[in-house]
Amino acid sequence: QVQLVESGGGSVQPGGSLRLSCAASGSIWSISRMGWYRQAPGNERELVATITSSGTTNYDASVRGRFTISTDNAKNTVYLQMNSLQPEDTAVYYCNVRNGGLLYWGQGTQITVSS
């Protein structure tokens, strides 16, 4: 089993910044991809950004240029730096890790962008 612990959520005004972290622990043997998804009320869970073990990144068009995904492979941790946050970014953000072909999800952390 792999455990994912997320941190860094909270409330911020439009235009503000937040940084999410997700640390993976447990039976880690081959992480091929880490990423972030989000789910707003009434909506399906959607991809925000992913990063592969080789460093290839992928962003949803709505966050490209504002959000940056990165990893600390030594710590099995993935980060999401979120700048220029807007109300439409309000959602529960979930960490996702692909380890040995299996997918694991974090518990989710709430991001609220409001004035």
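Some observations on this one:
- Relative packing of 89-95, 28-34, which averages over residues the other C-beta atoms within 10 Å, highest first: 89-95, 28-34
- Label zone of Asn83 (point 7 Å out along Cα→Cβ, amide N under 14 Å): in the range 1-33 this covers 15-19.
- Centre-to-centre separation between the Cα atoms of the range 48-76 and those of the range 1-33: 12 Å.
- FRET efficiency for Leu47 and Ser115, using Cβ-Cβ distance with R0 set to 22 Å, rounded to 0.05: 0.25
- Convex hull volume per residue, computed on the Cα atoms of the chain, equals 92 Å³.
- Considering only Pro14, Pro41, Pro87, the mean-square fluctuation computed in a Gaussian network model of the chain, springs between alpha carbons under 10 angstrom, is largest for Pro41.
Read-outs: derived from the displayed coordinates by stated rules, not from any lab. Computed from a prediction, not measured in an experiment: that's the story for all the values here. Cβ sites come from the backbone with ideal geometry, for glycine too, and all protein chains shown count toward neighbours.
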